[in-house]
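What follows is a short report on a single structure.
The values are calculated or read from the model by the stated rules, or taken from the named source; none is laboratory data. Predicted model only: the values in this text are computed from it and were never measured. Heads up, the Cβs are rebuilt from the backbone with ideal geometry, glycines too, and the neighbour counts pull from every protein chain shown. Each accessible area value is taken on the protein alone, full model and side chains, heavy atoms only, with ligands, DNA and RNA left out. Shrake-Rupley method; radii C 1.70, N 1.55, O 1.52, S 1.80 Å.
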Amino acid sequence: MLVKTYCAAVNGLEVTTVTCEVSMSRGVQFHLTGLADTAVKESYDRIKAALINNGFKMPSMDITANLSPADIKKEGSGYDLPLAIGILAANSKVEEERLDKFMLVGELGLDGRLQPIRGALPIAIRARKEKFKGLIVPQQNIREAAVVNNLEVYGMETLMDVVNFLNGTTTYQPTVIDTRKEFYEQQNLFETDFSDVRGQESVKRALEVAAAGGHNLIMIGPPGSGKSMLAKRLPSILPPLSLAESLETTQIHSVAGKLSRDTSLISQRPFRAPHHTISQVALVGGGNNPQPGEISLAHNGVLFLDEMPELSRSVLEVLRQPLEDRKITIARAKYSVEYPCSFMLVASMNPCPCGYYGDPTHNCVCTPGQIQRYMNKISGPLLDRIDIHCEIQAVPFAQLSQMKPGEPSANIRERVIKARQIQTERFSSLPKQGGLGKVHCNAQMTERMLHEFAEPDAASLDMLRMAMERLKLSARAYSRILKVARTIADLAGSEKVESMHIAEAIGYRNLDRGDWAERGI
């Protein structure tokens, strides 16, 4: 007897519908075909124990199970449930009538309980696209899968629940989530706020400019000056996620298995802060079973690299291409996957190995050569891709002891949103061909767009030429200055880029100065 059930294979963010075919004939062996990995091949033992512990008997017949299409690699334990239901249906324990209307995914425990799987959200999107009536998932995955509308999503606790549902002996109601209501309710709930920050007005201004234009930023200052504190508050002034951005971000976290049980849609921009001992694979993604790395988990959000020079040079260099392309393609002998990684890079570092170069309250014990070698841990090409270089000093006690709070994040965020709206209107007229339709902020502008939207006047051009000659800036640094100046002009509500905007943008290229290691901050 031949029975078919349906499940899905997740490869990167791409999902393929998999048909699980189970055939029984005389014999006593179990055969599994369809390019299954070890976790899938081990499903027979889990299924057998689950059936026995739920009052069923493993059929004493020759069982052949095929996962089609057979040329796509099947990974993970999410095939347990469709295989078990297929075996029961082939043994006449489950009615076949409803099997072609539902997609099934889930791992089986030995007691028959359903365990959570990765990628429930993209699987639900695929099930709706394939016009399945519903999707059956473990109860732990119900909230992330139920955000997909026009699809009945059922969260089940045990194998027996699924059997009773398919046989019609027990009635279950699909889970319905008011996605928009939950999404908008949680958008403005932040644990941190810029009102907690005393002083540091110049740094807060730099962070506001970075947030308004989506620019990368690095902060240089002694230990305890507030670099990490300021970086952690950056998401509170970024524009809120749109539903489309939220869905894309949630899919990445779903595939990586990073969603908690009570999460439906990610409503706030991600903030990822990996430790400086992180490896290349953990940062960009990959592995035996390809998974998104930290740069993809930070998609539509912030990637914060604390003590940037402490990261391995090889790890830092792999950031160069993703920062430009805003996507990462992981190509190996057996697979090739692509993940989006449009993130803001925010980094911090000490000015020297001891951390106190230029600090008025501590004596630096580093020589100029040691300082230069420390700075050279960050390559010139990578530094060119960071738009804003911001120096930061420790806050004096007089400011630190003031009880008056700083400007709240809500006020700064309002100015940032207005600047982003100006950019959205500016780029909405661009043709969708050639990827121009994907430009949403000033940091993403191409060279051609710079000439159209950020062309400086004669006075500004002379100022920029002088800065280029004195600081020996690269062509990429020239483009970065124009992009930052365009953002500063947007914050000021100016249609044209003027000399004062260029002057402020040049002031954010401090690390390009050749005498940096020979002067006081």
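Tell me the relative contact order for the chain as a rounded percent, counting alpha carbon contacts under 8 Å between residues six or more apart.
Working: 995 pairs, mean separation 68.1, N = 521.
Across the chain, relative contact order equals 13 percent.
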Could you give the length gained on full extension between Ala49 and Ile278, defined as 0.36 nm per residue of separation minus the Cα-Cα distance, in nm? 78.5 nm
State the Cα centre-to-centre distance between the stretch 80-127 and the stretch 473-495 in whole Å. 54
Which residues in the stretch 191-207 place their backbone N less than 12 Å from a point set 7 Å from the Cα of Lys404 along the Cα-to-Cβ direction? 199
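Roughly speaking, what is the stretch gain from Met58 to Tyr172, that is 0.36 nm per residue apart minus the C-alpha to C-alpha distance, in nm to one decimal?
Working: separation 114, 0.36 × 114 = 41.04 nm, distance 2.67 nm.
Contour length minus Cα-Cα distance gives 38.4 nm.
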Length gained, Arg448-Asn149, 0.36 nm per residue minus C-alpha separation, equals 103.6 nm
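Just flag the trypsin sites (Lys or Arg not before Pro) in the stretch 224-281 sitting in loop per DSSP whose Cβ has no more than 13 other Cβ atoms within 10 Å. Please report the intermediate quantities before stating the final value.
Working: sites: Lys227, Lys232, Arg233, Lys258, Arg261, Arg272; in loops: Arg233, Lys258, Arg261.
For trypsin sites (Lys or Arg not before Pro) across the stretch 224-281 that sit outside H, G, I, E and B with at most 13 neighbouring Cβ atoms in 10 Å, the list reads Arg261.
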Tilt of helix 243-255 relative to the longest C-alpha principal axis of the chain, in degrees (0 to 90, nearest 10)? 60
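How big is the shadow of the Cα convex hull of the stretch 210-301, averaged over all directions, in nm²? If you can, show how the numbers build up before the last one.
On the way: hull surface 29.4 nm².
That works out to 7.4 nm², a quarter of the Cα hull's surface.
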Would any residue of the stretch 141-173 have its amide N under 18 Å from a label point 7 Å out along Cα→Cβ of Arg180? List them or say none. 146-151
How many angstrom lie between the Cα centre of the stretch 240-311 and the Cα centre of the stretch 171-204? 17
Enumerate cysteines in the chain without a disulfide-compatible partner, where compatibility requires another Cys Cβ under 4.7 angstrom. Cys7, Cys20, Cys341, Cys354, Cys364, Cys390, Cys441
Trypsin sites (Lys or Arg not before Pro) within the stretch 1-105: DSSP coil, no more than 11 neighbouring Cβ in 10 Å: Arg26, Lys57
In whole percent, how big is the carbon plus sulfur part of the accessible area of the chain, probe 1.4 Å, protein atoms only? 49
For the stretch 360-510, the Debye formula with one identical point scatterer on each Cα and no solvent gives log10 I(q)/I(0) at q = 0.16 Å⁻¹ as -1.04
With +1 on each Lys and Arg Cβ and -1 on each Asp and Glu Cβ, how big is the dipole of the chain about its Cα centre, in debye rounded to the nearest 20? 360
For the chain, take the longest principal axis of its alpha carbons; what is the angle in degrees between that and the long axis of helix 458-471, to the nearest 10 within 0 to 90? 90
Give the residue list of GluC sites (Glu not before Pro) in the stretch 276-360 that are DSSP loop and have at most 16 other beta-carbon atoms within 10 angstrom. Glu307
Histogram of C-alpha separations across the chain, 10 Å bin width, %: 4, 17, 23, 21, 14, 11, 7, 3, 0
To the nearest 0.05, how large is the calculated FRET efficiency for Glu414 and Ala503 if R₀ is 30 Å and r is the Cβ-Cβ distance? 0.75
Using only the alpha-carbon atoms, how far is helix 201-213 inclined from the longest principal axis of the chain? Give it as 0 to 90 degrees, nearest 10. 50
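Calculate, for Arg465 and Ser202, the FRET efficiency according to 1/(1 + (r/R0)^6) with r their C-beta to C-beta distance and R0 25 Å; round to the nearest 0.05. Don't skip to the answer; put the middle values down first.
On the way: r = 26 Å, r/R0 = 1.02.
For R0 = 25 Å, the calculated efficiency reads 0.45.
How high is the FRET efficiency between Ser312 and Val28 when r is their beta carbon distance and R₀ equals 41 Å, given to the nearest 0.05? Could the numbers behind the result be given before it?
Working: r = 54 Å, r/R0 = 1.32.
The value I calculate is 0.15.
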Once the Cα gyration tensor of the stretch 250-362 is found, what semi-axes does its equivalent ellipsoid get, as square roots of 5 times the eigenvalues, in whole Å, sorted largest first? 29, 18, 12
